[in-house]
Amino acid sequence: MTRDEALFEFCLRMGDSTLVLGHRVSEWCGHAPVLEEDIALANTALDLIGQTQLWLGLAGEVEGKGRDADQLAFLRDAWDFRNLLLTEVPNGDFGRTLMRQFLFDAWHSVYLARLLKSSDKRIADIAEKASKEVAYHLERSADTVVALGDGTEESHQRMEAALAYLWPYVGEMFAGDAVDAAMAEAGIAPDPAGLREEYDALVGRVLAEATLEMPESRFAHKGGRNGAMHTEHLGHILTQMQWLQRAYPGASW
Amino acid sequence: MKNEWPLWEVFIRGQHGMSHRHVGSLHAPDAEMAIKNARDVYTRRNEGVSIWVVEARHIAASSPSDKGPLYEPSESKVYRHPTFFDIPDEVGAM
């Protein structure tokens with residue numbers, strides 16, 4: 001694997017995670033429990049799709065085969081996607097959606113903070129723009145996790161169930177491989193394993209405030225960010241997301 | 001409706017605006033969330049640099065039925081409008 005091949009993989013991992021989560025969150029549009037949350041979720045989804053354009057745009061540039069962000073997003077099949085499994089699991093109820101958002105936002109903010117110091121200026125620039133958006137995402141999702149966790153008996157139970165369902169998808173964020181090693185060596189991106197402590201401290205603080213217990217298990221579903229095996233849910237997302245470009249190739253407005 | 005979030009009135013100061021202007025209202029469980037919701041609902045298109053929220057129940061309003069005694073007396077007093085002066089162009093917008 002050359003350095004550019006590793007860099008291409010790295011950009012796909014970032015862009016595919018923001019793309020798939022952005023799509024998932026956009027599924028709430030018109031369905032959120034209150035209007036204000038509906039708009040807030042749509043804003044988050046749009047931020048993530050905007051970040052996707054930057055990451056996949058850079059991926060196409062690094063690859064050098066003339067593919068742009070749209071082609072990478074809409075014309076690859078499930079096995080070519082490199083998103084975290086966490087981002088593709090179904091929304092569930094509102095509480096589970098926000099718990100997933102929080103678990104992702106916490107990782108995203110910790111990771112982007114390191115990417116600000118990337119030796120590759122293109123990556124540092126994307127991180128600079130994204131980190132402001134993500135700081136707000138994190139503030140909002142953390143607040144909601146606290147409000148629902150430390151809310152009514154029912155909301156507490158739902159958040160407990162959400163955490164139990166989602167926790168096994170957290171470990172994948174910190175499982176490094178050869179791509180990560182190449183990025184770390186080049187000073188482009190951090191070794192993910194080194195971020196776990198900071199992540200656990202941040203997540204632990206919010207969960208404690210939410211009166212939720214942080215699970216001890218380190219069991220982790222893996223296979224999203226290295227493309228080895230996605231969940232069965234990704235294909236369903238792609239049929240929705242890609243059908244227009246598949247049915248009408250090259251369509252634009 | 002005990003389970004409804006209270007109503008908040010939202011005031012936003014625009015980039016070039018001099019004072020906060022009322023832009024609308026929204027529901028939120030507390031002041032902090034009201035500001036976040038206002039950020040998401042009313043500043044999506046770069047409208048503002050400062051947000052105020054106030055719970056609607058804290059706003060005291062004049063009563064529509066008092067319209068006559070409150071406002072009609074001023075209708076006949078045109079001399080209160082500063083339209084009888086020539087304002088030099090150099091003064092600019094007032």
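FRET efficiency for A:E232 and A:K121, Cβ-Cβ distance as r, R0 = 45 Å, nearest 0.05?
Computed FRET efficiency for A:E232 and A:K121: 0.70.
Mean residue ellipticity at 222 nm from the helices of chain A, using -39,500 (n - 2.57) per DSSP H segment of n ≥ 4 over the full residue count, to the nearest 500 deg cm²/dmol?
Taken over chain A, the calculation gives -21500 deg cm²/dmol.
Compute the angle between helix B:31-42 and the longest alpha-carbon principal axis of chain B, please, reported from 0 to 90 degrees and rounded to the nearest 10.
That helix lies at roughly 70 degrees to the long axis.
Which value, in debye to the nearest 20, describes the size of the charge dipole of chain A about its Cα centre when Lys and Arg Cβ atoms bear +1, Asp and Glu Cβ atoms bear -1, and nothing else is charged?
Dipole magnitude for chain A comes out near 600 debye.
For region A:168-253, what log10 I(q)/I(0) values come out of the Debye formula at q = 0.13, 0.19, 0.23 1/Å, with one point per alpha carbon and no solvent?
The calculated log intensity ratios at q = 0.13, 0.19, 0.23 Å⁻¹ are -0.68, -0.96, -1.08.
If you count only protein heavy atoms and use a 1.4 Å probe, how large is the accessible surface of A:T18, to the nearest 10 Å²?
Surface open to solvent at A:T18 totals about 0 Å².
At a temperature of 4 °C and a viscosity of 1.567 mPa s, determine how fast region A:3-247 diffuses translationally according to Stokes-Einstein, using the Kirkwood radius over alpha-carbon pairs as Rh; express D in µm²/s, rounded to the nearest whole number.
Stokes-Einstein gives a translational diffusion coefficient of 72 µm²/s.
Once you put a point 7 Å from the Cα of A:C29 and another 7 Å from the Cα of B:E4, both along the Cβ direction, what distance in nm separates them?
My value for the distance between the label points is 2.9 nm.
Using Cα springs under 10 Å in a Gaussian network model of chain B, which residue among B:S62, B:S74, B:S19 shows the largest mean-square fluctuation?
B:S74
Using the scaling law 2.2 N^0.38 Å as the reference, what is the normalised Cα Rg of region B:7-86?
The reported ratio for this selection is 1.52.
Within chain A, what's the longest run with no GluC sites (Glu not before Pro) in a DSSP loop and at most 15 other beta-carbon atoms within 10 Å? Give the range, please.
Of all site-free stretches, the longest is A:28-212.
Using a 1.4 angstrom probe, figure out how much accessible area the protein assembly as shown has per residue, in square angstrom, rounded to the nearest whole.
Accessible area per residue, the protein assembly as shown: 54 Å².
Looking at the protein assembly as shown, how many pairs of lysines come closer than 27 Å at the Cα, when each pair is eight or more places apart or spans two chains?
The number of close lysine pairs in the protein assembly as shown is 10.
How big a patch of accessible area, both sides summed and in Å² to the nearest 100, lies buried between B and A at a 1.4 Å probe?
1100
Helix A:121-149 versus the longest principal axis of chain A: what angle, 0 to 90°, nearest 10, using Cα atoms?
Around 20 degrees separate the two axes.
Which longest uninterrupted range of chain B lacks any GluC sites (Glu not before Pro) assigned by DSSP to a loop state (not H, G, I, E or B) and surrounded by at most 11 other Cβ atoms within 10 Å?
The answer is B:5-74.
Once each part is reduced to its C-alpha centroid, what is the distance from region A:176-213 to region A:28-83 in angstrom?
22
Which residue, A:A45, A:A162, A:A228, tops the fluctuation ranking in a GNM of chain A built on C-alpha contacts under 10 Å?
A:A228
Roughly speaking, to the nearest percent, how much of region A:116-185's 1.4 Å accessible area is carbon and sulfur?
Answer for region A:116-185: carbon and sulfur cover 55 percent of the accessible area.
Compare B:P64, B:P73, B:P82 in a GNM of chain B, Cα atoms joined below 10 Å, and give the one with the largest fluctuation.
Judging by the Gaussian network model, the answer is B:P82.
Given DSSP loops and a limit of at most 14 other Cβ atoms within 10 Å, what is the longest stretch of chain A that contains no such trypsin sites (Lys or Arg not before Pro)?
So the longest stretch without any such site is A:118-217.
Quick one: angle between helix A:94-115 and the longest Cα principal axis of chain A, in degrees between 0 and 90, rounded to 10, please.
Its long axis makes an angle of about 50 degrees.
With a 1.4 Å probe on protein heavy atoms only, tell me which residues of region B:32-56 lose at least 40 Å² of accessible surface in the complex relative to the chain by itself.
B:M33, B:K36, B:R39, B:D40, B:V41, B:R44
Over all alpha-carbon pairs of region A:201-251, lay out the pair-distance distribution in 5 Å bins, whole %, shortest bin first.
Result returned by the calculation: 5, 14, 13, 12, 12, 15, 12, 7, 6, 6.
The values are calculated or read from the model by the stated rules, or taken from the named source; none is laboratory data. Owing to the predicted nature of the structure, the values given are computational and were not obtained by experimental measurement. Backbone-built Cβ (ideal geometry, glycine too); neighbour counts: all protein chains shown. For accessibility, only protein heavy atoms count, side chains too; no ligands or nucleic acids. Shrake-Rupley method; radii C 1.70, N 1.55, O 1.52, S 1.80 Å.
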